[in-house]
Structures are given as structure tokens and as C-alpha cells.
Amino acid sequence: MTLLIDFTVIVILIIGIWQFREPLRAKNGNLTAALALFLAFTLVLYRQGIVDITTVVISLLVGGVAGLALARVVSMIQVPSMVAFQHGAGGVAAFLVSLVELSRTTHALNLVSEISGVLGLAIGSMTFSGSMIASAKLANKMHQAPQVLTHHNLFVILNFIALVVIGAISFIVPASVAPSLFVLEILLGIGFGVLLAIRIGGADMPVLISSLNATAGLAASLCGMVIENQLLIAFGATVAASGSILTYVMCNAMNRRIGKVIFPDYKPQKPFSKTTTRSPSPLKPEVNATTPTDLATELTDAVAAIQGAKKIIIVPGYGMALAKAQQDVAMLAQELTAMGKDVKYAIHPVAGRMPGHMNVLLAEAGVDYDMLVEMETVNPEFHATDLVLVVGSCDVVNPAAIKVEGTPISGMPILKAHEAKKVVCCNFDRKPGYSGVENSLYDQDNCIMLEGDAKQTVQGLLNSLSSTPTPESSEGPISDADADYTRADAALRTAKRIIIVPGYGMALAKAQEDVANLAGELIAMGKDVKYAIHPVAGRMPGHMNVLLAEAGVDYDMLVEMETINPVFEATDLVLVVGACDVVNPSAIEVEGTPISGMPILMAHKSKTVICCNFDRNPGYSGVENSLYLQNNTVLLEGDAKKSIQQLQKMLVAKTTPQESTPSTAMVAADATSESVAALAVAKSVIIIPGYGMALAKAQFKLVELVSLLEQRGVHVKYAIHPVAGRMPGHMNVLLAEAEVEYEDLLEMDDVNPLFGETDVAIVVGACDVVNPAAIESEGTPISGMPILLAQDAKRIIVCNLDTKPGYSGVPNPLYTANKTILLIGDARETISNLHAALRHIDV
């Protein structure tokens, strides 16, 4: 029975590890593996008779609090360092347990256990010191380049011999002497780990991390043999095997032998003296001489190259992680995709500081896993690629690796970005990467260098692309598209009854919030708006319902197919967003197709149909959509999100004809200038985030603004209302994702007394939670509700979409207060404009 239970726990662990093969299952894999470890932990306590609740609880609290504290302060960039640290912790545990068991005199160990114990001492201590060195290098606490001593190999060999000799002697000396030898074995193991780890650096760091993963597992397995615990043996062996396989895969991907990684050919670096001079670099004077004009010219050239490209490959690197630019890179990729370009990400095996580092960062930024392409697959495509965008990468795109011999990266496979027609490098400077090898890519005629902070550079590209008209598409002249939008705008204005048909294309474009905003605008204009939901819209039952509910659409507005179909004929306008097969009349008019006989939404029967679909291509059925050919259909091709945003802008621009566009722009400019003036002299600022911030996805831009304010010496805190967001803790989670420190988030009771002494309160997408009517008026839905006392601040900046009431329906008098500055519009754009304007104000 015991063996069966152990086997079951081991199987659970293997299932957890197996799920790590796919990113979508990785989270479940982590939880499954954690469950296996918890079960193993419980079994050990039960079998060993450790039932003293005080001891167990104290141990759990110490370990749990320490782990939680570390996890909270570690950002995604620091994860590789944290992983190395955890390997070291495993090594410490292994050699300490081995030391205790070997030193005990109450029971004798068999020969296998003794050998395992001595090996556990050596491997555990080596893993500990090697991991600490790796962690320090990855955390920039140590020089990250390889550190090679004079006669380094000799020291390694002598240390290894000493380990073997001392370990062997420990078997034959008296029991009273053995503990001293065990301690000496540990010290030698620590020294051995240091000697091995200090001369590994740069591109070889992921290999070091993988190998330490293997040795940590091996040490744990040996520890299990000492204490005769089958679960620990199996768990440790599984980790050792996976780490060894990963080490092999990493070495194979880099065309390196593990022996060359552990025993590299580096020579000790001679210290520089007054008589020692560095070889001159012809690039450095150019870097120092770069002027703003040069940078502007290069940016213009880069934007022109991007606009002219059809196929683009993005190469992310560790510099992107350091600059925290992954969100901006993802947004730039979305912009390029919306422009009709083919965009992929090329992932080098050693990009980042541990295997999979780039994949995790980009996944966090919302990049689809299908867009990430491994080196072997993407390399043949570079020569046919119009443009490669390098973001924070150096060694992994350095042609010297395949053209120059005798360097630390010679022979290492690289991403062949240099073969593309154009290369845009968004790197901090022209200096070599961790290998110390000059990057010849920077000197190629087809390379445009955009030096500086990668985050700001990518934002500059994104802003330039957004504000620069794109060339004419092959589908037809731009004037035709303008005419289609004008026709669609006129139809929306004259329609009284409107039905919106959402589809999977809306989900792909992440346009649900924009659709909800447009629907809100139409309802405000007095129109009757409903959503028609097809049973198979989306990728699972209820997919559209969930997406629209997340966007704040009332459930009562969603109508099922059987109920809505009789209504289409009397409907003035149907707005199709990313749907094709479910509104294709061919399903009921043509026989012998994959969708023949399938019930559809009868959108074609309405007076006018506006289709916001990516293109005219058939849906998944492969059947041409005859709806596109009807005379009453207006087809707005392209990214659904941008199409909907454009329709809303046109509606808003003409809703108040007495206000011309120039005057509106002047008002916005004046409000922005007034806000910047207030922030420029402020010493204390409180940010009040709300659900509108979440809808606009403005949290990352907000953090950039806060960072700029803090650089100017401003004291900034966030005020969190208990019901901000759509569930308790919603704002905390959103801001934590944007890497806001938990200590900066203040609860309502703590922050309300501070508003009176605060120079500026910035409201971002919040309404009811800062509405003074809650405490000043009776008989309203929010009367008596505690609010954040933003009205007590000296100045108030409100970054909301409009001045309409919140969900309570109660007008907000804060908007009309004399000390309030209204910045109306998309919160993300508003915050971005504030940030850009404030950057130009001297401290």
C-alpha cells in the first residue's frame, strides 16, 4: 500500500511537469506539481511521526512567510536570479540533511547510504555556491562577464581531487574525526562551485542555470537515499533528469559542448594600468557625437522602413526586459498587424537569463504564443523578410558568432537578422553584449540604429506610426475607405433600431470594450441597441457573453438567435464585428457547403449592414460570404478595434455641431497645459484608479507618469476604493501587474485624511467612488456610500472618457468644481499626453 501511495504521488508530479510543455497548461502544471509536493510533505510528517503541531506550524510559517516575502519583491526581470537562488536553497537543504545523517551516532548507515551522503555533501554544497554566484551575476550584484583566474583549470582539478580524496578518507577514519572531514568536504564543495560558476557568463548563463537545476535535483535524490525516502529519491531524480535534458537542449541549440561551457577557453584578463591602453573603438566617437537631429532622422528612416515593410520579424532580448518594454513591443506589434503586416517574434534559446524568459515576458504582455517562433524555424525566413526589429538584443544577432573565430560566441547559432532587407535596432547603445564581442550588425548598410532606452524608442516608433498616414493599400484608394466610413457614419446617425453582431474576430482584435463604448454612445443618442448572440459565436458556448460582460455590457442587452431573428427585418442597421459564417446567407441559400442548413443570424434582412471584419475572405467554413456583396452592406475592412474606434470618433465629433473641431482641440490643449502646470509644482500627488482605467488599459501608462513624477521628487500614492473595479482587489491586481509596489496602495480609511494636504489628486476612470453627491445628497443610489475625498485636494485632474454619470446614474459635481481640470477622452491617451508634455518641463 505504501508503494502504491508513493507511486501515485510521483505520477501526480510527472503530470505536473508534463503540463509545462505547453504555455496554456503551464499554470495548471505548476499547481499540480505543488499538490504533489504538498502530498509528499504530508506523507513524510505522518510516516515519521512528526505530529507536534507547534513545530509543524512554526516551520510552515517561517518558510511560507520567507517565500511570500521574496515572491512579492521579485519582478519578472529578477525571476532568473530568483530561480538560481532557489536552486542554491535546495543545495543547502541537501548537504545539511546529509551532514546531520552522516554525523548521527544513534544508528549505523549502510554503505550505499554513506556514499550517497558524502556525494550529497559535495554536490549540495557545490550547487549552493554555484547558484549563489549565478544569482548574484543575474541580479547585477557581480560582474556578469566570465571571471578567469590565473591557472584556473589547475585550481579546478586540484579542488576536484581534494573532494574525492577527503570523501574517500571519511569512510575509513574514526567516527570522532569524520564530522570534521564532512565539514571540510562541504567547504571544498563550496569552493568547487565558485570556481566553476565565476568563469561562466554572458550567453552561457542559461546553461549554468539548467545544469544547477540538475545538480539540485541530484543532491535531493542523494539526500533521499541517505534517509531512505522513496518519494525524495523519485522527486529529486525527476528534477535531475529534466534539468539534464534542458542542459543538453540548451547546449545543442547553442552548438556548444557542456565541457566547453564548464571549461571554456577564456584567458585571465589582465588589469589595466596607466601604461595599458584599450584598443580604440571607432564606434564610440560616433555614439558620443550623436545629436538629437541625427536621432530624429534615424527615427524617421525607421518609421518609413516599417511602413514600407510587409513581413516583419521582432527579435526581443534581455535589454527589452531591463527596459520593461514588453508591453510597448506588444502594442507596436498589434499596430503593425492592424496595418496588414505579417508580424512574428523570433525567440533565441538563450534570449533572457534563463530558458523561456522571453516567452514568459511576452505572454505577460498578451502576445499570442503562436506568434513566437523558435530559432530553427525562423532562421530560413530572414532572407525573405522586409524588416527585422531588434529590441534589446546583441549577442544573439551578432554575425561575428558565425564569421569570426576565437571569440566567446564563436560557433554559437544566432538569429540571422543580418540577412533581412532592413534591420532596425532599438538597443541602448553600440557597446558589445555580455560576450564583449563588437556587433558587426550595427555597421551594416541595411541597419538603422535607434540608441537609447528601448521602452522610449518603441513608444516613439508607435507614436510616429499612429500619427503618420500609411501608404495606399493594394485593395483600393484611401478615398474609397473614407467614403465607406462616411456612409457608415451617416447610417448610424439616422438609424433608430440597431443590432450588434459580435464574433470571434472581435475577440481576436480585443475590441469588446470599444464595441461597448460605441454602443453606449449610440444609446446616449437615443437609439435602441441590442446584441445578437449566435450559439457558436466564439470558441465555446457563452464565449461572447463572457467577453461582453467583462466589457460592462448589461446581460439584458444580449439576445439569443431564436428571439432576435424575427426582429432583423424591422431593424434599421446591423453592425457586424468580426463575424462571418454566423451571418452568411449562403448557409440557407446554397446547398452542399460545410455550413448548408446551419441556422444563422438574419442580418442580411435589415435595411443596412455595416461589417467591421478584417477582410473579405471566407470564415472557417471556407464558404464565400454573400452578405459582403449586398447593396445594403458597408464593408469596413481592417482591424475591428480600429474600425470601431474610428466610427465612435466620427460620431462624437459630430454629436455637438455647435462646437467645431479646432475649439475642442484648443480646450483639450488648454486643459492639458493647465494639468501639466499643476503637476510641475506639486510635491504630493494621489492617484485614484477606477474601472475606466481598466477598460482603457491605462495602468501601464499611468505607472510611467508616476515614475516621471517620482523622478521629479514628487511623493505619489494610490488611493484604492473597496468597490473600484468589478470585484474586491481588482485595482490591486491590475496595478500589481503594472509593477506598482504594494506599499504605495492605500486603503480608503488610510488615505482620506491625506487628501486635504495633497497638492493634486488624479482621477483615472473613476466616477461614483469620488462623487461628492454620495455624502451631500439624499435619496440617490449612492447616498451614504463612503467615497474617496478627492474633492478635498488642492487641485483635481479628472481623466475620464466623458462627464456622464457612473453606473449609479448620479451626476458628479466634482466635474464642475473650480479646482477641477477635466481631461475628457480615452484615459490611456490622456495619461500618455500628460506624460509627454510633463517630460519637457524642467524640474
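The values are calculated or read from the model by the stated rules, or taken from the named source; none is laboratory data. Predicted, not measured: the structure shown is a model, and the values here were computed from it. Don't worry about glycine lacking a Cβ; one is built from the backbone with ideal geometry, like all the others, and counts go over all protein chains shown.
Tabulated values for the structure
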{"quantity": "Spans of helices (runs of 4 or more DSSP H) in the range 611-717 with at least 1 residues outside the structural domain of I824 (by TED's automatic domain parsing) and at pLDDT 85 or above", "calculated": "640-655"}
{"quantity": "Which numbered condition R104 misses (of (1) more than 21 Å from A162 (Cα to Cα); (2) in contact with a helix residue (DSSP H, G or I) (Cβ under 7 Å, 6 or more places away or on another chain))", "calculated": "(2)"}
{"quantity": "Test: residue in the range 806-815 that is assigned to a helix (DSSP H, G or I), under 26 Å from the mean Cα position of the chain (by Cα), under 15 Å from I688 (Cβ atoms) and hydrophobic (A, V, I, L, M, F, W, C)", "calculated": "no"}
{"quantity": "Inter-residue pairs, beta-carbon under 9 Å, first at positive phi and in the range 686-708, second of a type in the set (G, A, S) and surrounded by 24 or more Cβ atoms within 10 Å (Cβ to Cβ), 6+ apart", "calculated": "K697/A827"}
{"quantity": "The listed residue being touching a Phe, Trp or Tyr at 6+ places or on another chain (Cβ under 6 Å) and either buried (at least 16 other Cβ atoms within 10 Å of the Cβ) or in a helix (DSSP H, G or I) (or both), out of L181, L187, L121, L196", "calculated": "L121"}
{"quantity": "Selection within the range 738-762 - closer than 21 Å to K697 by Cα and assigned to a helix (DSSP H, G or I)", "calculated": "Y742, D744"}
{"quantity": "Test result for V79, closer than 29 Å to A136 by Cβ and surrounded by 15 or more Cβ atoms within 10 Å (Cβ to Cβ)", "calculated": "yes"}
{"quantity": "Residue among G578, G552, G597, G538 that alone is exposed (fewer than 14 other Cβ atoms within 10 Å of the Cβ) and among the small types (G, A, S)", "calculated": "G597"}
{"quantity": "Odd one out for V536, checked against (1) within 29 Å of G806 (Cα to Cα); (2) without any contact (Cβ under 8 Å) to a residue 60 or more places away in the chain", "calculated": "(1)"}
{"quantity": "Filter pass, F171 being surrounded by 13 or more Cβ atoms within 10 Å (Cβ to Cβ) and of a type in the set (F, W, Y)", "calculated": "no"}
{"quantity": "Within the range 337-350, considering residues that are over 12 Å from V378 (Cβ atoms) and small (G, A, S), the one modelled with the lowest pLDDT", "calculated": "A338"}
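Quick grid of which residues meet (1) touching a residue at least 12 places away in the same chain (Cβ under 8 Å); (2) touching a helix residue (DSSP H, G or I) at 6+ places or on another chain (Cβ under 6 Å); (3) assigned by TED's automatic domain parsing to the domain that holds I686:
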site: C767; (1), (2), (3): yes, no, yes
site: N771; (1), (2), (3): yes, no, yes
site: N818; (1), (2), (3): no, no, yes
site: A827; (1), (2), (3): yes, yes, yes
site: H835; (1), (2), (3): yes, yes, yes
